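The values are calculated or read from the model by the stated rules, or taken from the named source; none is laboratory data. Remember, predicted model here, so these are calculated numbers, not experimental data. Positions of Cβ are generated from backbone atoms using ideal geometry, with glycine treated the same way; all protein chains shown enter the neighbour counts.
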Amino acid sequence: MRDSQTMLEEGRVGEQRESKGATMAWVRNEVVRVGLAETLGTFVMMVFGLGSVAQVVTGTGAFGEFLSINLGFGLGVAMGVHVAGKVSGAHMNAAVSFTMCIFGRLKWTMLPLYIASQFLGSFLAAGTVFSLYYDAIYHYSGGNFTVTGPKATAGIFATYPAPYLSLHAGFLDQVLGTAMLLLCLMALSDQRNQPAPIGSEPLAAGLLVILIGISLGSNSGYAINPTRDLAPRVFSALAGWGPDVFKAGGGWWWVPVMAPLVGGVIGALIYKVFVEMHHPSVDKRGLGSNNKPESEPLDQLKKAAAAEMCV
């Protein structure tokens, strides 16, 4: 029986059993299917997320505020998981993919594919939002695409630190935010603890991103995702904002690239050490281990035990 890790947790590609009837599959190569799904899922997430930022910035508060951005990215994550979850796992975040490799849930050979797909999806989303909101950005900024200042618009695409934030404090900010993301994702997908109900995983992941945004987002925009930040930053450099996108904030650009990789591993490790490693084994519960998968929810194990006692 296939291990029943949920789409939020698994780094391995979801496998769907073929029906007995005839099926149509234009692309059967697993690598291609994963790449296409991960690219599209990331694209969907980023279009909604960046679009919400563009509305807030160019609308000067008339079309939303900071909460709108949190909702845009959070619900964008949920939709992205719906799009790609059963095919690629819908990581949509290089920190998630890297952490899954560290913990053996994704093959290292697949990591370049995931990162490239996420980068491409984010880059295309940045181009889409730029095209859609070009007139609004031009009108708001007077045609002067700047990275800093009262009419700065580069923040539509990538994150930049608040004026008061030092580089080392910003690094800690990104480490903590990503650690909370992976810690909670591990919990949501832990079938022997209190996982998200089947079918609610996308919503749970989206609500988690919203929660991080409204609690840990003001310092630097809570990128918590290397590919989400770097790809649109590269696009903005090519689209008219120039090399200043890499110079602003004391050379801030590398922080949302490197810090999430560190934070993701730390968060997942904390959950594993504090919770996952201490789950009682199935054998110790006296339920046997031949026919019951290790990942079976605890309430189901208890029901099975009760049934056996009645017999």
Residue that is assigned to a loop (DSSP other than H, G, I, E, B), of a type outside the set (Ser, Thr, Tyr) and either closer than 13 Å to Pro226 by Cα or touching a Cys at 6+ places or on another chain (Cβ under 9 Å) (or both), where the choices are Ala158, Ala116: Ala158
Hits in the stretch 47-92 - residues which are in a helix (DSSP H, G or I) and among the charged types (D, E, K, R): Lys86
Residue within the stretch 165-179 that is under 18 Å from Thr99 (Cα atoms) and assigned to a loop (DSSP other than H, G, I, E, B) present: no
Residue within the stretch 128-144 that is farther than 21 Å from Gly64 by Cα, assigned to a helix (DSSP H, G or I) and not acidic (Asp, Glu) present: no
Flag if Met79 is surrounded by 24 or more Cβ atoms within 10 Å (Cβ to Cβ) and either modelled with pLDDT under 95 or under 22 Å from Leu211 (Cβ atoms) (or both): no
Cβ pairs under 6 Å, 6+ apart, first in the stretch 254-265 and over 13 Å from Tyr222 (Cα atoms), second buried (at least 19 other Cβ atoms within 10 Å of the Cβ): Leu261/Ala95; Leu261/Phe98; Val262/Val175; Gly264/Ala95; Gly264/Thr99; Gly264/Thr178; Gly264/Leu182; Val265/Thr99
Test: residue in the stretch 113-134 that is farther than 22 Å from Val234 by Cα, within 17 Å of the chain's Cα centre (by Cα) and touching a residue at least 12 places away in the same chain (Cβ under 8 Å): no
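Yes/no matrix, rows are residues, columns are (1) β-branched (Val, Ile, Thr); (2) modelled with pLDDT of 90 or more:
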| position | (1), (2) |
| --- | --- |
| Glu18 | no, no |
| Met24 | no, no |
| Val31 | yes, yes |
| Val34 | yes, yes |
| Phe43 | no, yes |
| Phe48 | no, yes |
| Gly51 | no, yes |
| Gly64 | no, yes |
Selection from the stretch 121-139 of residues that are surrounded by fewer than 18 Cβ atoms within 10 Å (Cβ to Cβ) and touching a Ser or Thr at 6+ places or on another chain (Cβ under 6 Å): Ala136
Sole exception among (1) in contact (Cβ under 8 Å) with a residue 40 or more places away in the chain; (2) surrounded by fewer than 21 Cβ atoms within 10 Å (Cβ to Cβ); (3) in contact with a helix residue (DSSP H, G or I) (Cβ under 8 Å, 6 or more places away or on another chain) for Lys86, by number: (3)
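Just to verify a result, which residue in the stretch 221-270, among those that are of a type in the set (Val, Ile, Thr) and within 18 Å of the chain's Cα centre (by Cα), is surrounded by the fewest Cβ atoms within 10 Å (Cβ to Cβ)?
By that ranking, first place goes to Val262.
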Residue list for the stretch 203-220, restricted to those being buried (at least 23 other Cβ atoms within 10 Å of the Cβ) and within 12 Å of the chain's Cα centre (by Cα): Ala205, Val209
Flag for Lys272 being modelled with pLDDT of 95 or more and in a helix (DSSP H, G or I): yes
Number of the condition not met by Leu216 [criteria: (1) modelled with pLDDT under 95; (2) within 27 Å of Glu38 (Cβ to Cβ)]: (1)
Checklist (1) farther than 20 Å from Ile69 by Cβ; (2) of a type outside the set (Val, Ile, Thr); (3) in a helix (DSSP H, G or I) applied to Gly213, failing item: (1)
